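Report on the following structure.
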Amino acid sequence: MHRLDPAREHVLGLFRIVTGFLFACHGVKTIFGVLGAKAPAAVGQWPGWWAAAIQLVGGALICLGLGTRVAALISSGSMAYAYFTVHMPEALFPIQNGGEASAMFCWALLLLVFLGPGRFALDNVFATRTETASADSARRGPGARRAPILRHR
């Protein structure tokens, strides 16, 4: 065990939050024409508006830690598509074709697919509640009824 291992899940959670936030910012920029954009993309325009929608929704879900692995997989795939269809035809290397952001997001998001959300994810809250409910059901046994909750006035 490496001495930094106890911080692994916390750092992974922070990595997910920052990556999701930055990814969502690209979607906000394109869809709403803010944050330095010249103009918003036309609604439904292929592929720009749809890529921005994936960036906005996927980035927000990743940032919050909701459905992180699925959102990261779809988002990573969209960045791979962007790199190979928009950037690579211009030149081979990302530094030459302006595709550094697409390549970095693609690989960073793919990392989240395999490593999961880390700490601070809303998925962890829901998983804990589900595990607790399952454990309670198992302890009571099949067909057992839940005891009523008594409240004092």
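Here are some notes:
- Region 1-21, residues that are of a type in the set (A, V, I, L, M), surrounded by fewer than 17 Cβ atoms within 10 Å (Cβ to Cβ) and part of a helix (DSSP H, G or I): Ala7, Val11, Leu14, Val18
- Residue within region 27-34 that is within 16 Å of Leu12 (Cα to Cα) and either within 13 Å of the chain's Cα centre (by Cα) or of a type outside the set (S, T, N, Q) (or both) present: no
- Residue within region 108-118 that is modelled with pLDDT of 95 or more, surrounded by 10 or more Cβ atoms within 10 Å (Cβ to Cβ), among the small types (Gly, Ala, Ser) and part of a helix (DSSP H, G or I) present: yes
- Hits in region 37-52 (condition: part of a helix (DSSP H, G or I), hydrophobic (A, V, I, L, M, F, W, C) and over 16 Å from Leu73 (Cβ atoms)): Trp49, Trp50, Ala52
- Residues in region 29-57 that are among the aliphatic types (A, V, I, L, M) and either surrounded by fewer than 18 Cβ atoms within 10 Å (Cβ to Cβ) or touching a strand residue (DSSP E or B) at 6+ places or on another chain (Cβ under 8 Å) (or both): Val34, Leu35, Ala37, Ala39, Ala42, Val43, Ala53, Val57.
- Some residue of region 58-66 being at pLDDT 95 or above and either exposed (fewer than 15 other Cβ atoms within 10 Å of the Cβ) or over 22 Å from Phe126 (Cα atoms) (or both): no
- Residue pairs whose Cβ atoms lie under 6 Å apart, sitting 6 or more positions apart in sequence or on different chains, and linking a residue in region 99-116 that is of a type in the set (Val, Ile, Thr) to a partner that is in a helix (DSSP H, G or I), are Val113/Arg69; Val113/Ala72; Val113/Leu73.
- Test: residue in region 7-30 that is among the acidic types (Asp, Glu) and over 30 Å from Ala127 (Cα atoms): no
The values are calculated or read from the model by the stated rules, or taken from the named source; none is laboratory data. Just so you know, these numbers come straight off a predicted model, no measurement behind them. Glycine gets a Cβ as well: all are built from the backbone with ideal geometry, and neighbour counts include every protein chain shown.
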